[in-house]
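What follows is a single structure, written as structure tokens, with notes after it.
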Amino acid sequence: MSIKSNIKELLNSIPPAIKLVAVSKTRPVGDILDAYHCGQRIFAENKAQEMAIKYDQLPKDIEWHMIGHLQTNKVKFIAPFIGLIHSVDSLKLLEVINKEALKNRRIIKYLFQIHIAKEEAKFGLSFSELEAILNSSEFQSLSNVCLVGLMGMATFTHDEDIIRSEFLVIKNYFDLIKQKYFSNELSFCELSIGMSSDYKIAIETGSTLVRIGTSIFGIR
Ligand SMILES: *Cc1c(COP(=O)(O)O)cnc(C)c1O
């Protein structure tokens, strides 16, 4: 299968209201251009410097998303152009993003990454950690970042019931947080759950952004 036919098939099977995020980490710019020429405009990377290099080499109407764990000292590489950071997992990181956004005279959009999987190794905040941040005065004083929703990764398993139940946990929590803190803010509207192996379940459980690499570009 070619990148072109993979993209077309995905776009046909994903409802139009859901955004396809093409995960291009480790892929050469030629592969990204193949997807670009099929109309794909959102691409995601998990390393800041790799993204910055690709940004320089590729058309400027691409919207770049960061999906990997982001270190504070790497924020500066992507702050001038990043479209959405999915993986904010601490107040400290968010404060650095705010500072770099200010320097670039931008408002940077982001999601809080929530830990929903059984594996310890995955990054993300617990629900109580998230609420502690939302209630802090530091959070409320940030001027150049805009929270648009939540992101989560399910446990790496073939058991669809486990995946569905984890996605439902974050979806229910998303609804609760929206009601409690952002009921008047239309911008809090995105739920980033779902990868190649589980995006159909993610869409059934309310995903608005699906992050797909392997099903577009092949095995890494
Ligand atoms: C690599 C990655 C993806 C894409 O995974 P595929 O299985 O290749 O679709 C999605 N989300 C995150 C956070 C990733 O690191």
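The values are calculated or read from the model by the stated rules, or taken from the named source; none is laboratory data. Given the structure is predicted, the values throughout are model-derived calculations rather than measurements. All Cβ positions, even for glycine, are placed from backbone atoms using ideal geometry, and neighbour counts span all protein chains on display. These area figures cover heavy atoms from the full protein model, side chains too; ligands, DNA and RNA do not enter into them. Shrake-Rupley method; radii C 1.70, N 1.55, O 1.52, S 1.80 Å.
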Checklist entry - What is the packing order of peptides 60-71, 136-147, 26-37, taking the mean over residues of other C-beta atoms within 10 Å and listing the highest first? => result 60-71, 26-37, 136-147
Next on the checklist: Just want the answer: with Cβ charges of +1 for Lys and Arg and -1 for Asp and Glu, which residue in Gln57, Phe112, Ile32 is farthest toward the dipole's positive end in segment 3-217?
Outcome noted: Gln57
Checklist entry - Roughly how much of Lys47 is accessible, in Å² to the nearest 10, using a 1.4 Å probe? => result 120 Å²
Checklist entry - What aspartates and glutamates could a cross-link reach from Lys25, if we take a straight Cα to Cα line under 14 Å and drop same-chain neighbours fewer than 8 places away? => result Glu45, Glu50
Item to check | Straight-distance crosslink candidates among aspartates and glutamates, where the alpha carbon sits under 20 Å from Lys118 and sequence neighbours closer than 8 are dropped | outcome: Asp89, Glu129, Asp159, Glu160, Asp161, Glu166, Asp198
Checklist entry - How far is it, in nm, from the label point at Lys200 to the one at Ser165 when both lie 7 Å from their Cα along the line to the Cβ? => result 2.2 nm
Next on the checklist: For segment 122-173 and segment 26-57, what is the centre-to-centre distance using only Cα atoms, to the nearest Å?
Outcome noted: 26 Å
Checklist entry - Can you give the accessible area per residue of the chain, in Å², using a 1.4 Å probe? => result 49 Å²
Checklist outcome for this item: In this structure, the FRET efficiency calculated for Phe139 and Lys76 from their beta-carbon separation, with R0 = 30 Å, to the nearest 0.05, is 0.90
Checklist outcome for this item: Carbon/sulfur accessible area of segment 3-217, % of total, 1.4 Å probe, equals 54 percent
Checklist entry - How large is the charge dipole for the chain, taken about the Cα centre, if only the Cβ atoms of Lys, Arg (+1) and Asp, Glu (-1) carry charge, to the nearest 20 debye? => result 720 debye
Checklist entry - Does segment 3-217 classify as rounded, prolate or oblate by the C-alpha gyration tensor (a ≥ b ≥ c root eigenvalues; a/c under 1.5 gives rounded; else a/b over b/c gives prolate, otherwise oblate)? => result oblate
Item to check | Reach of Lys180 by Cα under 26 Å, taken over lysines that are not fewer than 8 positions away in the same chain | outcome: Lys19, Lys92, Lys109, Lys171
Checklist outcome for this item: Ranking Ile7, Leu102, Ala44 by how far each Cα lies towards the positive end of the charge dipole of segment 3-217 (+1 on Lys and Arg Cβ, -1 on Asp and Glu Cβ), the top one is Leu102
Checklist entry - Which loop-located GluC sites (Glu not before Pro) does segment 66-123 contain, where loop means any DSSP state but H, G, I, E or B and the Cβ has at most 13 other Cβ atoms within 10 Å? => result Glu119, Glu120
Next on the checklist: Order 84-91, 184-191 from most to least packed using the mean count of other Cβ atoms within 10 Å.
Outcome noted: 84-91, 184-191
